[in-house]
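Data block below; observations after.
Read-outs: derived from the displayed coordinates by stated rules, not from any lab. Just so it is clear, the model here is predicted, and its values are computed rather than measured. As a convention, Cβ positions derive from the backbone with ideal geometry for all residues, glycine included, and neighbour counts pool all protein chains shown.
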Amino acid sequence: MISALTGELRQVDDDRAHLQVGPMLFELLVPAADVPGLRAEVGREMTFHTIFYLEGDSSGGNIEPRLVGFLRSEDRSFFQLFITVKGIGPKKALRALVRPVGDIAQAIESRDSRYLCELPQIGKRMAELIVAELAGKVESFAVDAASRGATRLGIGAKRSPDEEDAIATLVQLGERRIDAEHLLDRAKQANAKLKTAEQLVNEMLRLRSVRA
């Protein structure tokens, strides 16, 4: 079983990373929340904590091996719990995890279905099912986030007035707040010198057009 891989990060796509380990290039599916940060790490040595699974229908003979990679071992542990919820498979879970694990765990423990509904792939009924099945089981992940001083973005997170204005502008243009916040984080990561709302909005719009 492959439990971890260390190598040079060669490429990052929308939902996966390519890691060079010796003569072998591994393709790893990664959580959506990690993608922006990983793009800034291309060319550096990285360690991923991994899960191996088989995707497909065995009766049809169409099975493909998959590796999922996490930057933190606790994220891997949370993921393993998350996919025990009926209707959440590995790919759906990876697309849904656009926020740090500690934030999502905190939402589950506080039974905040509304927050969970803002995650991609998660509707109202699925959010309620997640709370019903996982509340009381993921407290340690929320505690770990709190001990690192983490806060839930959009709920008590500290944003500058310019950053809030930039988020509001994107929301007015049709973005969900959670997606607008994600674009803001990517814009700041791409260029730390962006300060004014206008500068941030321009970069966010550029990133949105690339995403589209």
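Using C-alpha pairs under 8 Å with a sequence gap of at least 6, the mean separation divided by the residue count of region 39-90 gives a relative contact order of 29 percent. Considering every Cα-Cα pair within region 1-71, what fraction, in whole percent, is farther apart than 21 Å? Everything past 21 Å amounts to 25 percent.
Can you tell me the relative contact order of the chain? Whole percent, Cα pairs under 8 Å, sequence separation 6 or more.
Values: 301 pairs, mean separation 28.7, N = 212.
Contact order relative to length: 14 percent.
Projecting the Cα atoms of 4, 52, 83 onto the charge dipole of the chain (Cβ charges, centred on the Cα centre) puts 83 farthest toward the positive pole. Most fluctuating residue of 122, 63, 130 in a GNM of the chain with Cα springs under 10 Å: which is it? Among 122, 63, 130, the largest GNM mean-square fluctuation belongs to 63.
Working note: 222 nm ellipticity from helices only, DSSP H runs with n ≥ 4, each -39,500 (n - 2.57), summed and divided by the residues of the chain, gives -13500 deg cm²/dmol to the nearest 500.
What number, in percent, do you get for the relative contact order of region 1-71 if the mean sequence gap of Cα pairs under 8 Å and at least 6 apart is divided by its residue count? It would help to have the intermediate numbers written out before the result.
Working: 137 pairs, mean separation 23.5, N = 71.
Contact order relative to length: 33 percent.
Counting beta carbons within 10 Å around each of 160, 113 and listing the fewest first gives the order 160, 113. Calculate I(q)/I(0) for the chain by the Debye formula, one identical point scatterer on each C-alpha and no solvent, and give its log10 at q = 0.10, 0.12, 0.15, 0.17 Å⁻¹ to two decimals. Log-scaled intensity ratios, in q order: -0.48, -0.69, -1.07, -1.31. Note on residue 80 and residue 139: the model spin-label points, each 7 Å out from Cα along the C-beta direction, lie 2.1 nm apart.
Taking a straight line from the alpha carbon of residue 124, these aspartates and glutamates sit under 12 Å away, with near neighbours fewer than eight places off in the same chain left out: 112. Ordered by the number of other Cβ atoms lying within 10 Å of each residue's own Cβ, fewest first, 27, 175 fall into the sequence 27, 175. Between residue 39 and residue 11, the modelled labels are 1.6 nm apart [label points 7 Å from Cα along Cα→Cβ].
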